[in-house]
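**Q** Once you've had a glance at the structure underneath, I'll fire off some questions.
The values are calculated or read from the model by the stated rules, or taken from the named source; none is laboratory data. Since this is a predicted model, take the numbers as computed values, not measurements. Cβ placement follows ideal geometry from the backbone for every residue including glycine, while neighbour counts extend to all protein chains displayed.
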Amino acid sequence: MKGDRVEIVVDAGDTVRTYDVGATRAGRRVEISIGRGVVEVVEVTRNGAPVRTARFMAGKVLALVEHPAAARALDDERGAS
């Protein structure tokens, strides 16, 4: 859903870096997959076609935080008032 976002905190050696991947348009969502030492965060369309992809080494990921869209944003997408 538009407004969903995932915050990824990564160890970059002497510092920590934060990345955000979010659903930028209505009907898009953010999917997370973890496997074979890689964390993959993908923004996908309704049909499942990837729009943006972010890949990180699982050993370097310190935190993976999902921020769901606000309830009001969900009502707006459904057409409710």
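**Q** Among the candidates ARG36, ARG25, which residue alone is modelled with pLDDT under 95 and closer than 15 Å to GLY3 by Cα?
**A** ARG25
**Q** Within the bounds of the stretch 25-42, is there any residue that is β-branched (Val, Ile, Thr), part of a loop (DSSP other than H, G, I, E, B) and within 11 Å of the chain's Cα centre (by Cα)?
**A** no
**Q** Give the stretch 1-16 a look and list any residue that's of a type in the set (D, E, K, R), assigned to a strand (DSSP E or B) and within 18 Å of HIS67 (Cβ to Cβ), or say none.
**A** Keep residues of the stretch 1-16 that are of a type in the set (D, E, K, R), which gives 2, 4-5, 7, 11, 14.
Restricting the remaining residues to those that are assigned to a strand (DSSP E or B) gives 5, 7, 11.
Once the filter is applied, which keeps residues that are of a type in the set (D, E, K, R), assigned to a strand (DSSP E or B) and within 18 Å of HIS67 (Cβ to Cβ), the stretch 1-16 yields ARG5, GLU7.
**Q** A further question follows. If I go through the stretch 10-36 residue by residue, how many of them are under 17 Å from LEU62 (Cα atoms) and crowded, with 16+ Cβ neighbours inside 10 Å?
**A** Qualifying residue count, the stretch 10-36: 2.
**Q** Something else: Looking at the stretch 43-61, can you tell me whether even one residue there is modelled with pLDDT of 90 or more, under 15 Å from GLY3 (Cα atoms) and over 14 Å from the mean Cα position of the chain (by Cα)?
**A** yes
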